[in-house]
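Novice: Before I ask anything, let me first share the structure, which is written out below as structure tokens.
The values are calculated or read from the model by the stated rules, or taken from the named source; none is laboratory data. Given the structure is predicted, the values throughout are model-derived calculations rather than measurements. Here the Cβ is made from the backbone with ideal geometry for all residues, glycine too, and neighbour counts use every protein chain on show. These area figures cover heavy atoms from the full protein model, side chains too; ligands, DNA and RNA do not enter into them. Shrake-Rupley method; radii C 1.70, N 1.55, O 1.52, S 1.80 Å.
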Amino acid sequence: KQWYQRRVTITAGGNFRIEPPGLFRGRGDHPKQGKIKLRTPPESIIINIGKGETAPKCPEGHKWKAVQHDNKVTWLACWKENVLGNFKYVMLNPTSKLKGEKDHAKYRLRLCVDTTA
């Protein structure tokens with residue numbers, strides 16, 4: 001438990017902020033260009049943390065949509081945005097040690113599969 005707590009405090013998130021409200025720009029001639037992106041309330045955000053850990057404090061008067069403990073994924077927070085209806089994620093930074101260890105484990109598994117085939 002202590003090891004995990006230290007790891008999280010040292011590891012930085014890739015994108016650690018939710019997009020602010022404003023006009024959706026899209027790329028090129030997007031059909032939803034100009035739609036208003038609403039502010040994402042805490043009630044729409046799912047937090048993914050280690051089992052036995054405490055969730056970050058929610059702003060006063062609000063609560064998180066859910067707090068889960070799924071160690072099979074690398075995202076830290078998730079929400080559904082209002083313009084396209086896609087899920088957005090706060091991910092680990094690609095240079096973080098924890099992300100590197102997961103990628104290395106996948107690479108080693110791939111080597112084992114390739115050599116046995």
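Novice: Is at least one residue of segment 87-95 modelled with pLDDT under 90, surrounded by 12 or more Cβ atoms within 10 Å (Cβ to Cβ) and in a loop (DSSP other than H, G, I, E, B)?
Specialist: yes
One line per residue, one yes/no per condition, for (1) open to solvent by 60 Å² or more (accessible area, probe 1.4 Å); (2) at pLDDT 80 or above; (3) not in a loop (DSSP other than H, G, I, E, B):
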residue	(1), (2), (3)
ARG25	yes, yes, no
GLN33	yes, yes, no
GLY50	no, yes, no
LEU76	yes, yes, yes
LYS99	no, no, yes
THR115	yes, no, yes
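Novice: Another one. Among (1) open to solvent by 70 Å² or more (accessible area, probe 1.4 Å); (2) in contact with a Pro (Cβ under 6 Å, 6 or more places away or on another chain), which single condition is LYS37 missing?
Specialist: Of (1) open to solvent by 70 Å² or more (accessible area, probe 1.4 Å); (2) in contact with a Pro (Cβ under 6 Å, 6 or more places away or on another chain), only one is false for LYS37: (1).
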